[in-house]
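Working notes, beginning with the structure itself.
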Amino acid sequence: MISTIIQQTRRLRTNAQLSHPYTRQYAFVGMGSHSMSNLYPVLNLLRVPLKYICVTSPRKARLISRNPFYNFGGTTPSTSLSDVLSDPGISAVFVSASPAAHFRIASSVLRQGKSLFIEKPPCRTLAQLESLIALQTQTDTLVQVGMQKRYAPSIRRLKARLKNDSVCNYSLRYCVGRYPEGKALTELFIHPIDLSIHLFGPADIIALRQASSQTLVLMLAHGNTVGTMELSTGYSWTTPIENLSVHTRKGLYKLTSIDTLTFVPASTPVAGLPWEKIKHPDVSVEHFCHHDSFSPTLASSLWVEHGFYHELKDFVDGVEHTSPILAKPFFASKYRPTLQSLLPTYRLLEQISRNQASATSP
């Protein structure tokens, strides 16, 4: 009986994956290490029909054509973005190129009326973001920004728990190695800054201190919630630090490296006395999420734990369920990072940039 149920469950899961093929055609612009490690494997797993892969290098285009992994059922490598965008058969475009080129490419995609998935950052400034929002409004297309941490199971669980609690304060550390190839604020630190706004709401700067040329320390106010943040490229890429502690009325949440979420309930005083100092009780730690390194399943993969799988699936599902009349997804995801949802993030980024400039000016 039990073995029959298990076999039927596995059969239903497999049939469900096979019976929902994506039918629209897609293009991908860019092929860097991030795309090759996280985005292309997930698109391959989802069997998203890529018609084009657009790159700037003719040599890279030739290498793509010889690599069967990137042949998503007849993918054509191209070095001409205009040719790709002029193809009426393309419904949506994934963009993960040089961050400096994102705004220009995104603008071109939106002018052609294509749905757009664009990796962070979609642009460099608040003015550019507002320009993209205006273009999206004109063309009424689906746009999603690659802020994949919002889709991580641990973040979704934490956000759901915080809805039924009162947050007092939080501490976030995001410390990695040196980043000489780009702008750390908009290309790296946008992730923890957006995460804090996603969890606690729009923020204002209480204090900002440039602890070193690589390290920035912030104190932020999200309404009644106060948070401290250390953002640094002065540590190491081999031992990066990405930790979040959230102190609430009910207790303390700890998120470690995006995949481990624990909760320790607050102690209950007796007649105003800290009972745990009188009698030392066993500490009760609840584990909501943890990295499963034993089960080789999709649910335990890093693509799911870090949010890449569900963010890409959410976008493609939105494109596939778009009405040609309304040009809007029937089932809009509550986690989807839209251009509009990034407005508080970019306003805070600009405040930080101005404060840094004034702090370093003579």
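With R₀ set to 35 Å, the beta-carbon distance separating residue 57 from residue 238 gives a calculated FRET efficiency near 0.75. Backbone amide hydrogens, once placed in the peptide plane, bring residue 260 within less than 5 Å of nothing, excluding anything fewer than 5 places away on its chain. Put a dot 7 Å past the Cα of residue 4, heading toward its Cβ, do the same for residue 67, and the two dots end up 4.8 nm apart.
Antiparallel beta bridges, as assigned by DSSP with both residues in the stretch 153-299, represent about 85 percent of the total such bridges.
Counted by neighbouring Cβ atoms within 10 Å, the residues 102, 198, 34 run from fewest to most as 34, 198, 102.
Each residue of the stretch 241-253 was assigned a 3J(HN,Hα) from its phi angle through the Karplus expression (A = 6.51, B = -1.76, C = 1.60, θ = phi - 60°), giving 10, 9, 10, 9, 10, 10, 8, 10, 4, 8, x, 10, 9 Hz with x at Gly and Pro. Here the 3J(HN,Hα) profile of the stretch 36-49, calculated from phi with Karplus coefficients 6.51, -1.76 and 1.60 at θ = phi - 60°, is 5, 8, 10, 8, 4, x, 5, 4, 5, 5, 7, 6, 6, x Hz, Gly and Pro shown as x.
For a straight C-alpha distance cut-off of 12 angstrom, the aspartates and glutamates reachable from residue 254 (same-chain residues fewer than eight places away being disregarded) are 242, 286.
Give, in nm to one decimal, the length gained when the segment between residue 179 and residue 138 is fully stretched (0.36 nm per residue of separation minus the Cα-Cα distance).
11.1 nm
Here the 3J(HN,Hα) profile of the stretch 214-224, calculated from phi with Karplus coefficients 6.51, -1.76 and 1.60 at θ = phi - 60°, is 10, 10, 10, 10, 10, 10, 10, 10, 10, x, 8 Hz, Gly and Pro shown as x.
For the stretch 44-139, the set of trypsin sites (Lys or Arg not before Pro) satisfying both a DSSP loop assignment and a count of at most 16 other C-beta atoms within 10 Å is given as 47. Computed over the stretch 154-278, the Cα gyration tensor eigenvalues convert (square root of 5λ each) into semi-axes of 29, 16, 15 Å, ordered from largest to smallest.
For the stretch 35-158, the square roots of the Cα gyration tensor eigenvalues, ordered a ≥ b ≥ c, give a/c of at least 1.5 with a/b no greater than b/c, which places it in the oblate category.
Bear in mind these aren't lab numbers, they're just calculated from the coordinates by the rules spelled out. On a predicted model such as this, the values are computed, not experimentally measured, just so you know. Every residue, glycine among them, receives a Cβ derived from its backbone with ideal geometry; neighbour counts consider all protein chains shown.
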